[in-house]
Amino acid sequence: MITLTPMAQLNATVILRRELSPGLFEIWIRPDEGIPDFLPGQYVALGLPESHEGGEKEKLVKRAYSIASSPERKDALEFYIAEVTEGQLSPRLVRLTEGDRIFVQRKYVGTFTLESVPAGSDLVFVATGTGIAPFVSMLRTHGTIEKYSSLTLLHGVRYSADLAYRDELLELQSKRGENFRYYATVSREGPPNWSGEHGYVQKFFTEGKVSVAPETHHLFLCGNPAMIEEVCQLLEGQGFKEHTKKQPGNIHFEKYW
Ligand SMILES: Cc1cc2nc3c(=O)[nH]c(=O)nc-3n(C[C@H](O)[C@H](O)[C@H](O)COP(=O)(O)OP(=O)(O)OC[C@H]3O[C@@H](n4cnc5c(N)ncnc54)[C@H](O)[C@@H]3O)c2cc1C
């Protein structure tokens, strides 16, 4: 079997890279072989050689990233990536520029999708930071909103500048009326920069701003594991059950670390 050097495995090109706020980047990538069908909510591994030299003995450093673009878009994949300052891959990913080569895993994977949720359910998406990416993919895909009785997206970030996709989501909300609601909260900033909700995203439940019932609602949680654990604990106390392949439930989550 022929083993390709890390450089030879780079199979995609960065076509756009934009810093949305300090440390948070939108990156568009075009795989050489096109984009296969995938489900909104799925992720793919991105990778780079261990060093800039990409020597023969090196390996690719790979990490999972949720796809923010809709599967209907076939010219590029969009990612929303946070720079983890001490991290091995993300600081290098976010410094790529247009035309740079990158590895994109051929298999697009993940079970954090809407497949198991019955039509007509009420959905609540809860995201911290870049955990909004899979929800953006779902919302951008035709038919998602129409399929459910209601859809609510809660996004918690540190600073108001980190509220990525806000304009797109507000526009969607104004078009969709009661069917789609978008709420944001900011934990480290107040007036004059931000006069909206303050605190962690869990507040929407603990303060009764969003009410959910296990008979009707499915919750999707994505991002910071501490948020996911807290919300799960809170909801399990109200009769919600974690969804697994073997035992269908109504809490679905994707922990980013
Ligand atoms: C299914 C899945 C989907 C993901 N999708 C995304 C995505 O869309 N966007 C995105 O930015 N990241 C996403 N991640 C996280 C990503 O895979 C990497 O873990 C992250 O980019 C850090 O990689 P690194 O090599 O720079 O850091 P590493 O060298 O791997 O690790 C550094 C340390 O940072 C911690 N860490 C990882 N991510 C974060 C974070 N965001 N904030 C604080 N600490 C962190 C890890 O626990 C680790 O201890 C996803 C993870 C999973 C499992």
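Here are some notes:
- Residues satisfying the criterion are present in segment 109-118 (criterion: out of contact with any Ser or Thr (no Cβ under 9 Å at 6 or more places or on another chain), more than 8 Å from the ligand (Cβ to nearest atom) and of a type in the set (Asp, Glu)).
- Among the residues making up segment 106-116, those that are surrounded by fewer than 18 Cβ atoms within 10 Å (Cβ to Cβ) and not hydroxyl-bearing (Ser, Thr, Tyr) are ARG106, LYS107, VAL109, GLY110, GLU115.
- Of all residues in segment 1-45, those satisfying the criterion of being of a type in the set (A, V, I, L, M, F, W, C), surrounded by fewer than 18 Cβ atoms within 10 Å (Cβ to Cβ) and outside any strand (DSSP E or B) are MET1, ILE2, LEU4, MET7, ALA8.
- In segment 68-90, the count of residues that are closer than 23 Å to CYS232 by Cβ and not β-branched (Val, Ile, Thr) is one or more.
- Any hit, segment 54-70, residues being surrounded by fewer than 23 Cβ atoms within 10 Å (Cβ to Cβ), over 21 Å from VAL14 (Cα atoms), more than 16 Å from the ligand (Cβ to nearest atom) and outside the structural domain of PRO36 (by TED's automatic domain parsing): no
- Here ILE251 fulfils each of the conditions (1) surrounded by 14 or more Cβ atoms within 10 Å (Cβ to Cβ); (2) within 16 Å of the ligand (Cβ to nearest atom) apart from (2).
- Residues of segment 37-68 that turn out to be of a type outside the set (A, V, I, L, M, F, W, C), closer than 23 Å to VAL157 by Cα and out of contact with any helix residue (DSSP H, G or I) (no Cβ under 6 Å at 6 or more places or on another chain), as a count: 4
The values are calculated or read from the model by the stated rules, or taken from the named source; none is laboratory data. Bear in mind the structure is a predicted one, so any value in this text is a computation, not a measurement. For neighbour counting, all protein chains shown are included, and Cβ atoms are generated from backbone atoms with ideal geometry for every residue, glycine included.
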